[in-house]
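Shown next, in structure tokens, is the structure this report addresses.
The values are calculated or read from the model by the stated rules, or taken from the named source; none is laboratory data. None of the values given here were measured: they were computed from a predicted structure. Because the Cβ atoms are built from the backbone with ideal geometry, glycine has one as well, and the counts that use them run over all protein chains shown.
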Amino acid sequence: METKDHSEQESKQFEEKEEQYLQRTLSKGWSRGTLLTLKGIGTFILILLMMIPMIMISELVRERKLRQDEVREEVSSKWANSQTLSGPILIIPYKKIIPANKDEKIEYTTENLYILPEKLDVQGIVNPQIRHRSIFDVTVYQSELSFKGYFAPIILENLDIPASDLLLDKAQIYFGLSDFRGIEEQLSVQLDGKTYELSASDVLGSISSSALSTPILLTAENLAQNQNFEINLN
């Protein structure tokens, strides 16, 4: 009760002082409307002064955000973008007869036979790494991938392609990779115990704008059996 009475007394004292100040001001020739206008202007100025730190803080946050984006872009430019991998695909060119009239000579065109793995096992480890730039930290990722599997025997009778039309000496292994910047070492593919180094190629430009391929040694005997492969990507 004493606390409540004390608060009421302070409130009354404040009101009395405010009324006395108002009377003194009015006695000097100030009208009540002028006084309220000046109080409104003063309040407006105080609000503006209080907004200045808020504007400064907002501008600082915006500047830091832009700088963070610049740092992220700078670090990312030295690393590969998100990768899209495709393959491996075994490509065997073959001759195809172009239909012609009886009086014309037989002509051939070359087309490709695309063979996908019968089994493909992909295993990977992704290791995050922190790159420091000034007061900013950018997370990048390093991966270790392993592709293992095999190509099943090719039954040419089911494909309606004569074995004599196959161009086995031009066979290739294709592996799609969207960004070469992430490659840390020479890539190679092991096929039936033999190692072939992969190099940049546009053999399947319609499927991938950047890819790797390598010519391989392929015989008719190879076509009749499983062909095991392995590709390690770091």
Could you list all residues from segment 115-128 that are of a type outside the set (D, E) and surrounded by 12 or more Cβ atoms within 10 Å (Cβ to Cβ)? I115, L116, P117, L120, V122
Can you find, within segment 185-202, the residue that is farthest from Y174 (Cα to Cα) among those that are assigned to a strand (DSSP E or B) and not hydroxyl-bearing (S, T, Y)? K194
Could you grab me the full set of residues in segment 111-162 that are over 30 Å from E74 (Cα atoms) and among the charged types (D, E, K, R)? E111, E118, K119, D121, K148, E157, D160
Within segment 77-87, is even one residue at pLDDT 70 or above, more than 30 Å from H132 (Cα to Cα) and over 40 Å from the mean Cα position of the chain (by Cα)? no
So if I check each of F175, F180, which one is out of contact with any helix residue (DSSP H, G or I) (no Cβ under 9 Å at 6 or more places or on another chain) and buried (at least 16 other Cβ atoms within 10 Å of the Cβ)? F175
May I ask you to verify whether N112 is more than 16 Å from the chain's Cα centre (by Cα), among the polar types (S, T, N, Q) and surrounded by 10 or more Cβ atoms within 10 Å (Cβ to Cβ)? yes
List pairs: first in segment 45-72 and touching a residue at least 40 places away in the same chain (Cβ under 8 Å), second outside any helix (DSSP H, G or I), Cβ under 6 Å, 6+ apart or cross-chain? Q68/F136; V71/R133; V71/F136; R72/V138
